[in-house]
Amino acid sequence: MALRVRIASILAGLAGCWLLDVLCRGMLRESEQRLVVLAGLYVTLAVSLNLINGIAGQFSIGHAAFYQIGAYTAGYLAFFYYGRLPLQGVPWLIAMLFLGMGTAALAGLVVGLPSLRLRGDYLAIVTLGFGEIIRIVVQAIDLTAPTGEQVGGALGMNVEPRIRIVGLVWLFALTCIAVTRNLCKSSHGLALLSIREDEIASAAMGVQVPKMKVAAFMIGSAFAGGAGVLLAHSESFISPSMFPMDLSFIVLTMVVLGGSGSITGAVIAALTLFYVPEYLRGLKAPDGTALTATGASLVGWIVAVVAAVVVVRWLAFRFRGTARQRAMGYLATAVGLLVVGRALGWILSSVPALQQAEYEVQKLRMVIFAGSLIVIMLVRPEGVLGRHEFSWDWLARVLRRQRAREAAG
Amino acid sequence: MHVRRTIPAAVWAALIAGVLATGCSGSGDAQKQEQPSGGEAPKTSANVRPQPTAEGNKAEGDTLKIGIVVPINGDQKPWGDDALNGAQIALEDFNKQGGIPGKKVELVIGDSGSNTEQAKSAAEKLISDGVLGIIGDVTSSNTIQIAKSAFEKGVPVVSIGATNDDVTKQGANVFRVCYVDSFQGEVMAEFAHKDLGLRNVALLTDRKQAYSVGLSNNFRKHFEQLGGKIVGEEFYETKQTTFTGQLTNLKAKNPDGLFLSGYFPEVGPIVKSAKAAGLNVKFLGGDGWDSKEILNSGGEAIVGGFFCNHYNNKDTRPQVQHFLKRWKEKVGGEPGTTMAALGYDAMAVILDALKRCKSYDSKSLTAAIEETENFPGVTGDLTLKGQNGNPRKRALVVEVRPLPEGFVMRKAIEPKDLGQ
Amino acid sequence: MVPGAGLSLAAALDFGTLPSQIVNGVLNGAIYALIALGYTMVYGVLRLINFAHGEVYMLGAYTALFVSWAYGFRPDVPPDQLPESSLATLLVMMLASMAVCATVGVLIERFAYRPMRNQARISSLITAIGVSLLLQYGGGLFLPQNPPPTMNERVNPYRQTLELTLVGAPQQLSEVVEAARREFQAAERTFEERLKSEKDQFNLSPEGQRLRDAKFEAERRLRDAESKLNSAQVTVRVGAGRLAILVASLLLMFLLRQLVLFTPTGRAMRAVSQDFDSAALMGVNVDRIVTITFVIGSALAGAGAMMTATFLGTSITPYYGVLPGVKAFVAAVLGGIGNIPGAVLGGLLMGVAETLVIWAGYSQFADAVAFVVLIVVLLFRPGGLLGSSAVEKV
């Protein structure tokens, strides 16, 4: 990419973060700012996991471990040293960020080494196990604060200082995206992609497979660790139960849904999967209580989804068609799903047992996650965006085609 | 080649430095949070609680918002539901008696989901939504975090069921309507030593709960002071299902009593498992046992166990009778746990304070709550003035009997009985 | 709690409890063995880690619970109104659990795993994770969990505890115990007499308190004598129910081994696990074999779930199968994945290892044992104990 475009992107990114920060502080309440911060952290997690899973092709499903390591690095250091060193406030945070990334990268090294010997699903289990070991070990460590309060792994610990800067979090997320993208476009990125496609062939072509694999783990985990540091300071409280296996699965869903190997996909999926449940959680029924879904509508939606999946698989089996035709097919099915789901829900609402069973929408969140994971695997395993990537060139091409079509009449 | 790489790097470095500079001086939020008085709890001497310096919330218009954080989902749901119903009944009673003329009190509900980080973020959301004060939570770990967040923002907290001593030490804006673990531990230690004649007690503590850890420590301290011996302490974690290893270890120490300071979801299975492991001992516990569910999960083994509770449905005081009547009207039957009555009291206290407020904001509300004296609560007389947030309440020692008896009160112990 | 207790050296190990703890470990491990059998069979045939197996186990536990409710063992029923339980009841519950689990297993295979058969391996793995999460959180919506229900203990008609004395105690200690017991009974009688004229047991007159304290003294002496007796001898206590679990596991393992080694279906299963496509070429109906594998594996998990719920009385939640599932998977890997005796061996070893960690005083690390074992095995001997020692290379 031309140097001008590169510099322009950097400036635009920085300006965007600063603008976002100002807008959030001005217009949003603290609890909403928190959501923006969490969204940024999830984006970082998704993109960093995408580097390991999608681009390097490794099976890492314990990403929450690195997140936790970063958070606890910040936590322990703050516990022991904050207030006693001349560094305070935001500079302290930056220092923690680098230290957290460092420890997480070390952890990535430790996890990456087995990847040299293990086959796909075994590696996946090892990464999962590593995450759990970290969680259990942290839980076992107890400390006593100078005030005599018990501060323990299992009880959770407070992290000082409390710093929640939306712009900084998103700057970090953008850095992660930028680094990953640049890595992809470089020769190192090509090496990773070739490892993903066929390890033996790429080794035969002279790619240093072990070094690249471990490097991918270390970079991905470093960014997850940095996100952990930011989480610790934003929430000001960390506890091992904030980093369960489920968190790794959620991030994995984001990557898979968006398209392994597509950074854009990971970002969009992370934002969608984060905000849609939050939005649903915030919805209130007319009487002010939390929004609930009745059993009737739930059953209706489930049936509709199952039917849609069956239809899409049948279509994919029968017809080939161009990309455009396939996309139209998916779209039609999606619309059909919405219509059928709504209609079925309305029909079933006359069954009293189903109508009265109420389910809080926020409880449905994980069910929707799990369901979408299965549906995506059945319908489009490469993810919604597949390997497609957003880039300025792509945008330029689209605009040029648009202008050409307009010119043609 | 080199130029192309270093210019972007230089640009990045310069701009990051620029952002840092803006972050340091420009953003007011970060500034405020760095100041020690607003953010951290400074070192305190034993009885002086830190004063919050933040401004707190002011009422907007004619609506006075009070927030409640309780476990509406998760393992502690029985407590959360009871506390919420109790609080809502208190609000209805308050409005029936005239409420505050010209103002409407609104109860904003937050769900702690039975876990600490969710409790903390629920409380922070309520605070940012403009509540003048918060009541909640029922467990100590959650309430400590709620208290820390509320301290940062200068909002008062009235805890419903958190008994750990550290809760009210978080700040002068934190209060509770229940007794504290140092009292509860002493009550059970006395009961174990005098009324049950135990001399060698083993502890089984839930290391994931501040309440359990604190209560075990308090029991140990007082029991040893009385001359008893703690023969061993083992640990488990919330949500654990097998306890045979820990129980076998404790059995080898030959205890005559087992003190279970955890919550009811685990205590029932532990007691069953202990009996099966051959531990023929007396089982004791704290108010964490308080749920009828323990009769199901504890089966025959838990019959004859004793625990410490807050109040009893068979009390004849008029406040209790009125509360029971209102509960029957609104929810039906009797409240299953004491959190119902405590929830009622917490809400009643904060509403009473709201009425006495000079102006409708968090600072005045905190001052008014501090002035609470001889408030006739369902669970007893509540005085918070000069008490560092801890009312002097009596404790009941309750025996577990099979259904339909359920929990039978055996002894009522006032603080003065123990020389406090 | 002592600061840093988790990382300090454990206190002196109590070897007197070691036999009991090992027995505990073996009994806990029997459950892991049952679940591990399901994992190992599915992996052997499909090369797929069936993440959802733990959830199938959970559904088996809930099925057993619901069947017990159907029999009348509902919660909140006073003890005198409960029906009588019998071996027939237990068998019905077990069959119900096995049937439900088998059905669920087959459905999962048919609709989630079969479409993934020709895809990349990670797709199947992700689908398995998705099914597992769906069952957990779907169960969280529909199944009773707040508070977690437990099976009524009266459902288990075999509630005796068996005691085995390995090393007896000297005669004189027993005599001391007898003497102390007589003294205690006398003191107790005196107190009971006095109690009749007292208000209640907890508000006594000074004379009542004196007699009560005397009773306590006598009781303490009795306990002292008994504890000296207990320390002098080495006994092992086993609940009859837990022993049943071990026996059942071993029996099922034996039956399974017979099936795999000596029946045509077993032969077909071995063929499919050796080479999927060649087996198809040789006329084996691979879809049917895969289905049968899932049926057997899931049914075993269902049996295990019913037994834990009934004999151990653990609380049942939708997340009931998560930790046992992972540990059982590690057990299968430890024993050699694809290897049936290996799964049982691995399960028992895992149970013992975990219990020994608790015995040593590090109960907070008990769960980590599984994962550490997993990593060590996968790094140094991926074939497991009973498998080959060849390390999988790229």
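The values are calculated or read from the model by the stated rules, or taken from the named source; none is laboratory data. Computed from a prediction, not measured in an experiment: that's the story for all the values here. We place every Cβ from the backbone using ideal geometry, glycine too, and count neighbours over all the protein chains shown.
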I'd like to know if segment A:214-221 contains one or more residues that are closer than 15 Å to A:Val43 by Cβ and in the same structural domain as A:Gly70 (by TED's automatic domain parsing). yes
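Can you go through B:Ile413, B:Ile350, B:Ile369 and tell me which one is buried (at least 18 other Cβ atoms within 10 Å of the Cβ), within 14 Å of chain C (Cβ to nearest Cβ) and either under 21 Å from the mean Cα position of the chain (by Cα) or on the phi < 0 side of the Ramachandran plot (or both)?
Answer to the check: B:Ile413.
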More than 11 Å from every other protein chain (Cβ to nearest Cβ), modelled with pLDDT under 85 and surrounded by fewer than 24 Cβ atoms within 10 Å (Cβ to Cβ) - does that describe any residue in segment A:87-105? yes
Scanning segment B:191-202 residue by residue, the ones that are crowded, with 24+ Cβ neighbours inside 10 Å and within 10 Å of chain C (Cβ to nearest Cβ) total 1
Residues of segment A:206-216 being in a helix (DSSP H, G or I) and over 11 Å from A:Leu192 (Cα atoms), in sequence order, are none
Which one of the conditions (1) at pLDDT 90 or above; (2) not in a helix (DSSP H, G or I) does B:Thr241 fail to meet, given that it meets all the rest? (1)
Got a sec? Which of B:Lys358, B:Lys416 is in a loop (DSSP other than H, G, I, E, B) and free of Cβ contacts under 8 Å to residues at least 60 places away in the same chain? B:Lys358
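Given C:Leu255, C:Leu281, C:Leu246, which one is hydrophobic (A, V, I, L, M, F, W, C) and touching a helix residue (DSSP H, G or I) at 6+ places or on another chain (Cβ under 8 Å)? First the steps, then the outcome.
Values: C:Leu255 fails: touching a helix residue (DSSP H, G or I) at 6+ places or on another chain (Cβ under 8 Å); C:Leu281 fails: touching a helix residue (DSSP H, G or I) at 6+ places or on another chain (Cβ under 8 Å).
Of the residues listed, the single one that is hydrophobic (A, V, I, L, M, F, W, C) and touching a helix residue (DSSP H, G or I) at 6+ places or on another chain (Cβ under 8 Å) is C:Leu246.
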If you check B:Phe259 against the conditions, is it crowded, with 18+ Cβ neighbours inside 10 Å, assigned by TED's automatic domain parsing to the domain that holds B:Arg401, aromatic (Phe, Trp, Tyr) and out of contact with any strand residue (DSSP E or B) (no Cβ under 6 Å at 6 or more places or on another chain)? no
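The rows are residues; the columns are (1) more than 14 Å from chain B (Cβ to nearest Cβ); (2) in contact (Cβ under 8 Å) with a residue 24 or more places away in the chain; (3) of a type in the set (Phe, Trp, Tyr); (4) not in a helix (DSSP H, G or I).
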site	(1), (2), (3), (4)
C:Ala61	no, yes, no, no
C:Val67	yes, yes, no, no
C:Val104	yes, yes, no, no
C:Glu109	yes, yes, no, no
C:Tyr113	yes, yes, yes, no
So, in segment B:179-190, how many residues would count as being more than 13 Å from chain C (Cβ to nearest Cβ) and more than 13 Å from B:Phe283 (Cα to Cα)? 8
Among (1) at pLDDT 90 or above; (2) surrounded by 24 or more Cβ atoms within 10 Å (Cβ to Cβ); (3) of a type outside the set (Asp, Glu), which single condition is B:Lys208 missing? (1)
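Could you count how many residues in segment C:25-59 are in a loop (DSSP other than H, G, I, E, B) and surrounded by fewer than 24 Cβ atoms within 10 Å (Cβ to Cβ)? Working first, answer last.
Here is the first cut: in segment C:25-59, the ones in a loop (DSSP other than H, G, I, E, B) are C:47-52.
When the remaining residues are screened for being surrounded by fewer than 24 Cβ atoms within 10 Å (Cβ to Cβ), the result is C:47-49.
Number of matching residues: 3.
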The number of residues in segment A:73-86 that are closer than 17 Å to A:Ser234 by Cα and away from chain B (no Cβ under 14 Å) is 4
Candidates C:Thr165, C:Thr190, C:Thr127, C:Thr150, filtered to the one that is in contact with a Gly (Cβ under 9 Å, 6 or more places away or on another chain) and either assigned to a helix (DSSP H, G or I) or within 14 Å of chain B (Cβ to nearest Cβ) (or both): C:Thr150
Condition first: touching an Asp or Glu at 6+ places or on another chain (Cβ under 8 Å), buried (at least 19 other Cβ atoms within 10 Å of the Cβ), within 11 Å of chain B (Cβ to nearest Cβ) and in contact (Cβ under 8 Å) with a residue 24 or more places away in the chain. Can you find one or more residues in segment A:6-19 that meet it? no
Do we find that A:Gly167 is small (Gly, Ala, Ser) and more than 11 Å from chain B (Cβ to nearest Cβ) in this structure? no
Looking at segment C:212-224 only, could you name the residues that are among the aliphatic types (A, V, I, L, M) and buried (at least 21 other Cβ atoms within 10 Å of the Cβ)? C:Ala218, C:Leu222
Within segment C:69-81, residues being of a type in the set (Gly, Ala, Ser) and either assigned to a helix (DSSP H, G or I) or at the interface with chain B (Cβ under 10 Å from one of its Cβ atoms) (or both) number 1
Does B:Ala172 satisfy being without any contact (Cβ under 8 Å) to a residue 60 or more places away in the chain, farther than 19 Å from B:Phe259 by Cβ and touching a Ser or Thr at 6+ places or on another chain (Cβ under 9 Å)? no
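Check B:Glu234, B:Glu224 and return the single one that is in the same structural domain as B:Gly286 (by TED's automatic domain parsing), modelled with pLDDT of 90 or more and over 22 Å from A:Asp142 (Cα atoms).
Being in the same structural domain as B:Gly286 (by TED's automatic domain parsing), modelled with pLDDT of 90 or more and over 22 Å from A:Asp142 (Cα atoms) holds for just one of B:Glu234, B:Glu224, which is B:Glu224.
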With the checklist (1) out of contact with any Asp or Glu (no Cβ under 6 Å at 6 or more places or on another chain); (2) at pLDDT below 85; (3) crowded, with 24+ Cβ neighbours inside 10 Å; (4) within 21 Å of B:Gln209 (Cβ to Cβ) in hand, flag the one item A:Leu143 doesn't pass. (3)
A:Ala46 is checked against (1) within 9 Å of chain B (Cβ to nearest Cβ); (2) surrounded by 14 or more Cβ atoms within 10 Å (Cβ to Cβ) and fails just one. What number does that condition carry? (1)
Here, helices (runs of 4 or more DSSP H) confined to segment C:261-332 with at least 2 residues that are in contact (Cβ under 8 Å) with a residue 12 or more places away in the chain and out of contact with any strand residue (DSSP E or B) (no Cβ under 8 Å at 6 or more places or on another chain) are C:264-274, C:286-307
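Scanning segment C:159-175 for residues that are among the hydroxyl-bearing types (Ser, Thr, Tyr) and closer than 12 Å to C:Asn230 by Cβ, which turns out surrounded by the most Cβ atoms within 10 Å (Cβ to Cβ)?
Filtering segment C:159-175 for residues that are among the hydroxyl-bearing types (Ser, Thr, Tyr) and closer than 12 Å to C:Asn230 by Cβ, the one surrounded by the most Cβ atoms within 10 Å (Cβ to Cβ) comes out as C:Ser174.
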What's the number of the condition C:Val352 fails, among (1) surrounded by fewer than 24 Cβ atoms within 10 Å (Cβ to Cβ); (2) touching a Phe, Trp or Tyr at 6+ places or on another chain (Cβ under 8 Å); (3) within 30 Å of C:Leu91 (Cβ to Cβ)? (2)
With the structure loaded, tell me whether A:Ser236 is modelled with pLDDT of 85 or more, within 23 Å of A:Arg326 (Cβ to Cβ) and hydroxyl-bearing (Ser, Thr, Tyr) or whether it fails that test. no
May I ask you to list pairs of residues, at least six apart or on different chains, whose Cβ atoms are under 9 Å apart, with the first in segment A:309-329 being part of a helix (DSSP H, G or I) and the second being of a type in the set (Lys, Arg)? A:Val312/A:Arg380; A:Leu315/A:Arg326; A:Ala316/A:Arg326; A:Ala316/A:Arg380; A:Arg326/A:Arg320
